[in-house]
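The values are calculated or read from the model by the stated rules, or taken from the named source; none is laboratory data. All of these numbers come straight from a predicted model, not from anything done at the bench. Using ideal geometry, Cβ is built from the backbone for each residue, glycine included, and neighbour counts are taken over all protein chains shown.
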């Protein structure tokens, strides 16, 4: 192992991670600005808490989908590929319908939300 093999990963991974964190913070800053602009001044902190609660709920939902996608293979046995494919087909079919339902709901609510935003972008 050469010395260059040791220093190269930290020199690439650390700046890349810092850049991603900076971009994520800049993106969140824009969204936080909209939360404060669109809410009534007395309930800004409540709306921020609701924003963070919704983010946490999305993480819980992602974990539930991960549990649905898990396939248990007993120790020492081979995975049944046909059963796994059927399970994943059902999972992605269900996720498609959930996504289409959420998209339809968002499409129906968009005009109301635009009126409530009072021209803010």
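Scanning region 95-113 for residues that are at pLDDT 85 or above and closer than 21 Å to residue 37 by Cβ yields 106, 109, 110, 111, 112. Yes or no: residue 50 surrounded by 10 or more Cβ atoms within 10 Å (Cβ to Cβ), assigned to a helix (DSSP H, G or I) and within 17 Å of the chain's Cα centre (by Cα)? When the stated conditions are applied, residue 50 passes them.
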